[in-house]
Amino acid sequence: MIWNAFLLAVREIRRNLMRSILTMLGIIIGVAAVITMVTLGNGATAQVAAEISGLGSNLLMVRPGQRMGPGQRSGGKSFNLEDAEAIRQQVASIVAVAPTANASVTAVYGNENWSSSVVGSNNDYFITGNWELAAGRKFSDSELKSGKNRCVIGNTIAKELLSGEDVLGKKLRLGSFSCEVIGLLKSKGQSMMGSDQDDTIIMPIKTVQRRLSGNQDVSMIRISVKPNIDTDVVNRAITMLLRDRRHLSDNEKNDFSVMDTREITNTLTGTTKVMTMLLGAVAAVSLIVGGIGIMNIMLVSVTERTREIGIRMAIGALEKEVLLQFLVEAVVLSSLGGIIGILLALLASSVGSALMGIPFMLDYSIIALAFVFSAMVGVLFGYFPARNAARLNPIDALRHE
Amino acid sequence: MKSREAPLIEFKGVVKAYGKGGSEFLALKGVDFQIHQGEFVAIMGPSGSGKSTVMNVLGCLDTPTSGEYLFHGVHVETLNRDQRALLRRNYLGFVFQGFNLLARTSALENVELPLVYRGLKRSERHAAARKALELVGLQGWEDHAPGELSGGQQQRVAIARALVTNPKVLLADEPTGNLDTARSEEIMALLSRLNSDLGITVLMVTHEPEMAAYANRLIHFVDGKVERDQYQEAKQ
Ligand SMILES: Nc1ncnc2c1ncn2[C@@H]1O[C@H](COP(=O)(O)OP(=O)(O)OP(=O)(O)O)[C@@H](O)[C@H]1O
Ligand SMILES: [Mg+2]
């Protein structure tokens, strides 16, 4: 009987091909939209989270001056190496303290030259920045103390200047001096702001101060806090210490700022989550619109179908045989539509995430949800009008206008 | 005539009311008759006299408001929906006043449909459907959908669909209503043959005395009641 109903249903689908396709189209679009949107949204969120964790976890960044607005900082005298040392000595629960001084240089090797930025710091910089070495070593204590001409370079420098091979031991010219490459960083790729994180040269801070900037200034102090420690407490301790060292009286404002990456993380992941939810909501609307489309088509065809049910019953079909046929028809149609929608979504979201450079994060529960919803809509609107018709006297079903 | 045998069909005081309460309309106002196996009955009467209504009740497509309907001694008015469906499936063939064929469905598929519900195999169904179509003179038209057939051809497809199951009773509501005289004569000759050769009991509604002449009994309806019920010599 089921097989018979299945054959009848398939015949019916083929006979009313246009109606069947329109019905499926609603399901296809709805399912594909929801899955694609959520998959892309999840990928974007994961991407942002990954980039933030690449920034370093539990990181505090202390800079002189106060932020006045986008891109503007009020003055405030620079830090020095003693400030960094004081933080290391006196603030509890910290893992690494990396004072940094920056400079822009043109690096030359052979006939090649490349504009890049130099960061002067210590070995803690590798911890605070989540940098790992692909080859070579970090700085030795004596190299740091005396400010030797040694550098650890990013992947971009290695590629652009040294054509990627045997970078260790090579000597780069940076203006008036040259430095020996002792280490190569593992690639991190683009930051979420789009800048190339691998385009960097790291040197002992003393080397930068002496050879490039010509002063003792520390432009930023990066501090890694132990995991599971409240960064606010550490933040307060650093603020108190620095206020003290900078001789600020109680009624003076801070002339420096402490930034917490956790806040950035929260803001950014929060934003992308909201975006994902918005996209999902838009897609859900399209699923509902698809559902209404199915409903419309089913309701429009109800007159014809009611007469058809009347004919079938008049020639001896049982109510349950007719209903089974319609149920099978609705199930076949909506699951076929659902499957096509899923395939379409897989294609669209894999292409989309490749184009956007975000990970392909398939969420099976969303697939299941979209499928179940569309199947339910299909069955609901395919089955219930049929049930109403099959409960009529055959003659009333036949007379239906 | 055949009054000694138990009747195949018996109506006792059958009433059919349409609408409810104040606007109630009695389409059948107490109809009594007995029909025996093998009869060929023509039902006549003015438009609106209740001919189609009585056919629908006979065909178990509609239920009487009151009264008794016995088929083979079984009280049809007490049967449930499924039992009535099985009665239609196994004993009755119905030709509607307005064809009622499935749209966009070939003549062959329309005719074989009753056999689908009887559970016949595809090859058996097709053979039987072809034979029925041939019987009504539609060989070669098997693949045409109702939209591609004339009214008379559709009428014949509807007759073929009613015949294909070899029913015990054939109920035809104006089977020649859409046909020219020559075609009508052919259909009547066919019904006559089915009645005399296969022993199928035929009940037919018609407006035309020439067609009613093929029957051996004539029931005349007026205003929801049997006005005349007489046997006659059937034209061959
Ligand atoms: N579904 C219905 N609801 C209300 N009244 C109905 C319904 N069906 C039929 N009637 C009424 O019942 C009466 C008998 O109708 P019926 O169709 O049996 O007539 P008929 O004798 O077959 O007429 P015709 O020769 O025109 O086919 C008519 O007056 C009609 O208006
Ligand atoms: Mg009528």
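The values are calculated or read from the model by the stated rules, or taken from the named source; none is laboratory data. What you are looking at is a predicted structure, and each value in this text was computed from that prediction instead of being measured. Cβ: placed from backbone, ideal geometry, glycine included. Neighbour counts: every protein chain shown. The protein model used for the area step is the full one, side chains on, heavy atoms only, and it has no ligands, DNA or RNA in it. Shrake-Rupley method; radii C 1.70, N 1.55, O 1.52, S 1.80 Å.
Free of Cβ contacts under 8 Å to residues at least 24 places away in the same chain and within 14 Å of another protein chain (Cβ to nearest Cβ) - does that describe any residue in the stretch A:343-366?
Looking for residues that are free of Cβ contacts under 8 Å to residues at least 24 places away in the same chain and within 14 Å of another protein chain (Cβ to nearest Cβ), one finds none in the stretch A:343-366, hence no.
Going through A:L22, A:L17, A:L40, A:L7 one at a time, which residue ends up being more than 14 Å from chain B (Cβ to nearest Cβ) and open to solvent by 40 Å² or more (accessible area, probe 1.4 Å)?
Details: A:L17 fails: more than 14 Å from chain B (Cβ to nearest Cβ); A:L40 fails: open to solvent by 40 Å² or more (accessible area, probe 1.4 Å); A:L7 fails: more than 14 Å from chain B (Cβ to nearest Cβ).
Result of the check over A:L22, A:L17, A:L40, A:L7: A:L22.
Given the residues B:I9, B:I35, B:I43, which is the only one that is hydrophobic (A, V, I, L, M, F, W, C) and within 13 Å of ligand 1 (Cβ to nearest atom)?
Working: B:I9 fails: within 13 Å of ligand 1 (Cβ to nearest atom); B:I35 fails: within 13 Å of ligand 1 (Cβ to nearest atom).
B:I43 is the lone residue from the list that is hydrophobic (A, V, I, L, M, F, W, C) and within 13 Å of ligand 1 (Cβ to nearest atom).
Being surrounded by fewer than 14 Cβ atoms within 10 Å (Cβ to Cβ) and either touching a residue at least 12 places away in the same chain (Cβ under 8 Å) or within 16 Å of ligand 2 (Cβ to nearest atom) (or both) is the filter here, so list the residues in the stretch B:13-44 that pass it.
B:G13, B:Y18, B:F25
Here is a list: B:V169, B:V205. Which entry is more than 24 Å from B:S123 (Cα to Cα), away from every other protein chain (no Cβ under 14 Å) and open to solvent by less than 10 Å² (accessible area, probe 1.4 Å)? Walk me through how you get there before you give the answer.
Values: B:V169 fails: away from every other protein chain (no Cβ under 14 Å).
That would be B:V205, the only listed residue that is more than 24 Å from B:S123 (Cα to Cα), away from every other protein chain (no Cβ under 14 Å) and open to solvent by less than 10 Å² (accessible area, probe 1.4 Å).
All but one of (1) within 16 Å of ligand 1 (Cβ to nearest atom); (2) within 10 Å of another protein chain (Cβ to nearest Cβ) hold for B:T105; state the number of the condition that does not hold.
The one condition B:T105 does not meet is (1).
Name the single residue, out of those in the stretch B:76-91 being out of contact with any Cys (no Cβ under 6 Å at 6 or more places or on another chain) and within 8 Å of chain A (Cβ to nearest Cβ), that is farthest from A:R19 (Cα to Cα).
So in the stretch B:76-91, the residues out of contact with any Cys (no Cβ under 6 Å at 6 or more places or on another chain) come out as B:76-83, B:85-86, B:89-91.
If we keep only those that are within 8 Å of chain A (Cβ to nearest Cβ) as well, we get B:81-82, B:85-86, B:89-90.
Details: B:R81: 31, B:D82: 30, B:A85: 29, B:L86: 32, B:R89: 30, B:N90: 33 Å.
So, considering only residues that are out of contact with any Cys (no Cβ under 6 Å at 6 or more places or on another chain) and within 8 Å of chain A (Cβ to nearest Cβ), the one farthest from A:R19 (Cα to Cα) is B:N90.
Any chance the stretch B:211-223 includes a residue that's among the hydrophobic types (A, V, I, L, M, F, W, C), within 16 Å of ligand 2 (Cβ to nearest atom), at pLDDT 95 or above and loosely packed, with under 15 Cβ neighbours inside 10 Å?
Yes, some residue in the stretch B:211-223 is among the hydrophobic types (A, V, I, L, M, F, W, C), within 16 Å of ligand 2 (Cβ to nearest atom), at pLDDT 95 or above and loosely packed, with under 15 Cβ neighbours inside 10 Å.
Go through (1) more than 14 Å from chain B (Cβ to nearest Cβ); (2) farther than 21 Å from A:E12 by Cα; (3) free of Cβ contacts under 8 Å to residues at least 60 places away in the same chain for A:V379 and report which single condition fails.
(2)
Which ones in the stretch A:246-258 are buried (at least 16 other Cβ atoms within 10 Å of the Cβ), out of contact with any Phe, Trp or Tyr (no Cβ under 8 Å at 6 or more places or on another chain) and of a type outside the set (S, T, N, Q)? Quick ask: steps written out before the conclusion?
First, pick out the residues of the stretch A:246-258 that are buried (at least 16 other Cβ atoms within 10 Å of the Cβ): A:246, A:255-258.
Checking which are out of contact with any Phe, Trp or Tyr (no Cβ under 8 Å at 6 or more places or on another chain) leaves us with A:255, A:257-258.
Listed by number, the residues that qualify are A:D255, A:V258.
Mind listing just one residue for me: the one in the stretch B:45-80 that is assigned to a helix (DSSP H, G or I) and within 16 Å of ligand 2 (Cβ to nearest atom) and, of those, most open to solvent (accessible area, probe 1.4 Å)?
We begin by selecting, within the stretch B:45-80, every residue assigned to a helix (DSSP H, G or I); these are B:51-58, B:76-78.
Adding the requirement that they be within 16 Å of ligand 2 (Cβ to nearest atom) leaves B:51-58.
Numbers: B:K51: 13, B:S52: 36, B:T53: 18, B:V54: 0, B:M55: 0, B:N56: 11, B:V57: 2, B:L58: 1 Å².
Result: B:S52.
In this structure, is B:N110 out of contact with any Ser or Thr (no Cβ under 8 Å at 6 or more places or on another chain), open to solvent by less than 20 Å² (accessible area, probe 1.4 Å), within 10 Å of chain A (Cβ to nearest Cβ) and away from ligand 2 (no atom under 16 Å from the Cβ)? Before you say what the answer is, go through the steps one by one.
Values: out of contact with any Ser or Thr (no Cβ under 8 Å at 6 or more places or on another chain): yes; open to solvent by less than 20 Å² (accessible area, probe 1.4 Å): yes; within 10 Å of chain A (Cβ to nearest Cβ): yes; away from ligand 2 (no atom under 16 Å from the Cβ): yes.
For B:N110, the condition - out of contact with any Ser or Thr (no Cβ under 8 Å at 6 or more places or on another chain), open to solvent by less than 20 Å² (accessible area, probe 1.4 Å), within 10 Å of chain A (Cβ to nearest Cβ) and away from ligand 2 (no atom under 16 Å from the Cβ) - is met.
Quick one: B:N56 ticks every box in (1) more than 16 Å from ligand 1 (Cβ to nearest atom); (2) within 14 Å of chain A (Cβ to nearest Cβ) except a single one, so which number is it?
(1)
The conditions are (1) away from ligand 2 (no atom under 16 Å from the Cβ); (2) surrounded by 19 or more Cβ atoms within 10 Å (Cβ to Cβ); (3) touching a residue at least 24 places away in the same chain (Cβ under 8 Å), and B:V95 fails exactly one of them. Which is it?
Exception for B:V95: condition (1).
Please go through the stretch A:91-133 and pick out each residue that is surrounded by fewer than 14 Cβ atoms within 10 Å (Cβ to Cβ) and either among the aromatic types (F, W, Y) or farther than 20 Å from A:R173 by Cα (or both).
Once the filter is applied, which keeps residues that are surrounded by fewer than 14 Cβ atoms within 10 Å (Cβ to Cβ) and either among the aromatic types (F, W, Y) or farther than 20 Å from A:R173 by Cα (or both), the stretch A:91-133 yields A:A92, A:E132.
Which of the residues that make up the stretch B:92-102 are facing chain A (nearest Cβ under 7 Å) and part of a loop (DSSP other than H, G, I, E, B)? Show your work before the answer.
Going residue by residue through the stretch B:92-102, those that are facing chain A (nearest Cβ under 7 Å) are B:94, B:100, B:102.
Hits for the stretch B:92-102 are B:N100, B:L102.
Could you tell me whether A:I297 is in a helix (DSSP H, G or I), buried (at least 19 other Cβ atoms within 10 Å of the Cβ) and in contact with a Pro (Cβ under 9 Å, 6 or more places away or on another chain)? Outline the logic, then answer.
Values: in a helix (DSSP H, G or I): yes; buried (at least 19 other Cβ atoms within 10 Å of the Cβ): yes; in contact with a Pro (Cβ under 9 Å, 6 or more places away or on another chain): no.
Here the answer is no, as A:I297 does not meet what is asked.
With the requirement that a residue be within 30 Å of A:I28 (Cβ to Cβ) and more than 13 Å from the chain's Cα centre (by Cα), what does the stretch A:244-285 give you?
Step one: of the stretch A:244-285, the residues within 30 Å of A:I28 (Cβ to Cβ) are A:272-285.
Result: A:M277, A:L278, A:L279, A:G280, A:A281, A:V282, A:A283, A:A284, A:V285.
So A:R307 fits all but one of (1) in a loop (DSSP other than H, G, I, E, B); (2) within 14 Å of another protein chain (Cβ to nearest Cβ); (3) open to solvent by 20 Å² or more (accessible area, probe 1.4 Å); what number is the exception?
Answer for A:R307: the failing condition is (1).
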